[in-house]
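Let me begin by presenting the structure, written as structure tokens, before commenting on it.
The values are calculated or read from the model by the stated rules, or taken from the named source; none is laboratory data. Source: prediction; values computed, not measured. With ideal geometry, Cβ positions are generated from the backbone for all residues, glycine too; neighbour counts draw on all protein chains shown.
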């Protein structure tokens, strides 16, 4: 079954975690295809101010300097571009859930607030949950299998 039954159907709300966004912005592969699906209005992405700040902090790390320089972009410009692609929501108030990596709770709080159907992640702590409330947690590759292909 595909996520979209017909053209014009409401888009499925997806919350990608920071590692998925970074991979999608800097490299090719499944995470990039997830961002492309949002650009092509096949899915809807949601984020929070906290997640955008985390994205900028991660992209600003020295290990990404080369990729940013080669692409002739800054971490800040990438965050602004991503912010335009995603819908900004106020995070929901949720109890601590992922004790081994409390930052991952921010992704869960965003997904609850956005009424997302799916969280996309490469993070083992999130993937181990498989589901949070009624929100599926899956990899970018798994999500891509559910999105209809262009015909």
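Give the residues of segment 39-57 that are surrounded by fewer than 19 Cβ atoms within 10 Å (Cβ to Cβ) and assigned to a helix (DSSP H, G or I), sorted by residue number.
Answer for segment 39-57, where residues must be surrounded by fewer than 19 Cβ atoms within 10 Å (Cβ to Cβ) and assigned to a helix (DSSP H, G or I): 39, 49, 50, 52, 53, 56, 57.
Return yes when residue 88 is at pLDDT 95 or above, buried (at least 18 other Cβ atoms within 10 Å of the Cβ) and farther than 14 Å from residue 43 by Cα and no when it is not.
no
List the residue pairs whose Cβ atoms are under 8 Å apart, where the first residue sits in segment 21-36 and is on the phi > 0 side of the Ramachandran plot and touching a residue at least 60 places away in the same chain (Cβ under 8 Å), the second is buried (at least 19 other Cβ atoms within 10 Å of the Cβ) and assigned to a helix (DSSP H, G or I), and the two are 6 or more positions apart or on different chains.
29/23; 29/140
Name the single residue that is nearest to residue 34 (Cα to Cα) among those in segment 126-135 being outside any helix (DSSP H, G or I) and touching a helix residue (DSSP H, G or I) at 6+ places or on another chain (Cβ under 7 Å).
Within segment 126-135, the match that is nearest to residue 34 (Cα to Cα) is 135.
Would you tally the residues in segment 106-125 being surrounded by fewer than 24 Cβ atoms within 10 Å (Cβ to Cβ) and part of a helix (DSSP H, G or I)?
Number of matching residues: 6.
Would segment 136-149 turn up any residue that is modelled with pLDDT of 95 or more, part of a helix (DSSP H, G or I), more than 12 Å from residue 13 (Cα to Cα) and in contact with a strand residue (DSSP E or B) (Cβ under 6 Å, 6 or more places away or on another chain)?
Yes, there is a match, as at least one residue in segment 136-149 is modelled with pLDDT of 95 or more, part of a helix (DSSP H, G or I), more than 12 Å from residue 13 (Cα to Cα) and in contact with a strand residue (DSSP E or B) (Cβ under 6 Å, 6 or more places away or on another chain).
Is it the case that segment 60-77 has a residue that's at pLDDT 95 or above, closer than 21 Å to residue 121 by Cβ, more than 14 Å from the chain's Cα centre (by Cα) and crowded, with 16+ Cβ neighbours inside 10 Å?
Yes, the conditions are met somewhere in segment 60-77.
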